[in-house]
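The values are calculated or read from the model by the stated rules, or taken from the named source; none is laboratory data. Since this is a predicted model, take the numbers as computed values, not measurements. Note that each Cβ is placed from the backbone with ideal geometry, even for glycine, and that neighbours are counted across all protein chains shown. These accessible areas exclude ligands, DNA and RNA; they are computed on the full protein's heavy atoms, side chains included. Shrake-Rupley method; radii C 1.70, N 1.55, O 1.52, S 1.80 Å.
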Amino acid sequence: MTIRIGTAGWSLYRADEAFPAEGTVLERYAARFNAVEVNTSFYRPHQKKTYERWAASTPEDFRFAVKVPQAITHERRLVGVDDLLARFLDETDGLGAKRGPLLIQLPPSLAFEAERVGAFLATWRDRTDAPTVLEPRHASWFEAEPDDLLAAHRVARVAADPAVVPLAAEPGGWRGLAYHRLHGSPEMYASAYEPEVLDALAVRLRAETEPWCVFDNTRLGAATWDALALRERTESPLS
């Protein structure tokens, strides 16, 4: 089993001494981590050749998670997205075998509606069999019905911190993949995690199926140091 640990984006942010001195930022990042989450795809499309270049500059075992565009999730709110979805999937095909989970992050205002979500997930699975994770941020998603619907379409629910409700901290939906997104707590996007939190997380990741952990507390650089510390813990022999 491979535990994949990385950050949202590959900025090294004042951690240069922890990485090789030579190469592009992505090449230096990939020398220490085996995964990254591409967040810029949420805001703007990238050409297929860009994804191909990224894939070519990383080791064979490296994987890219890619965030689904906000045009799909926030603007059209999962409805009438066939054209946008086809474009996104074609672009990310440039990653080849290095394309990992595709991340669907929903706006906090998007409550669970079975008809809307079911239609979207059916379209999604008609288009792609890619590993998929979904991060809902409305409390209505953390019930049996949405969990069952996600599982039926082989979509894993993100385990997020901070959690909008207690169950949001736990993986849900399809259990063939566990994807943790840590945004920083108590201050989102800024706070680093305490050593005991990383200790517990390392134990947990070792027990999960296809575990991923992405640190999104990037504002002040904590994500890089937290990811390095967690990687060290997961690689240490079990006591």
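Residues of region 97-109 include none that is open to solvent by 30 Å² or more (accessible area, probe 1.4 Å), of a type outside the set (A, V, I, L, M) and on the phi > 0 side of the Ramachandran plot. The residues in region 11-38 that are free of Cβ contacts under 8 Å to residues at least 60 places away in the same chain, in a loop (DSSP other than H, G, I, E, B) and either of a type outside the set (D, E, K, R) or closer than 27 Å to GLU210 by Cα (or both) can be counted, and the count is 7.
Criterion applied to TYR179, TYR189 was being of a type outside the set (A, V, I, L, M, F, W, C), closer than 22 Å to PHE33 by Cβ and either in a strand (DSSP E or B) or modelled with pLDDT under 95 (or both), and the one residue passing it is TYR179.
State all residues of region 171-227 that are farther than 25 Å from TRP141 by Cα, open to solvent by less than 70 Å² (accessible area, probe 1.4 Å) and aliphatic (A, V, I, L, M); if no residue qualifies, say none. Within region 171-227, ALA190, ALA192, VAL197, LEU198, ALA200, ALA202, ALA222, ALA223, ALA227 meet the criteria.
Close Cβ contacts (under 7 Å, 6 or more residues apart or on different chains) running from residues in region 138-150 that are surrounded by 19 or more Cβ atoms within 10 Å (Cβ to Cβ) to residues that are part of a loop (DSSP other than H, G, I, E, B) comprise TRP141/PHE112; PHE142/VAL165; PRO146/PHE112; LEU150/TRP174. Suppose the filter is part of a loop (DSSP other than H, G, I, E, B) and surrounded by fewer than 19 Cβ atoms within 10 Å (Cβ to Cβ); does ALA163 pass it? Here the answer is yes, as ALA163 does meet what is asked.
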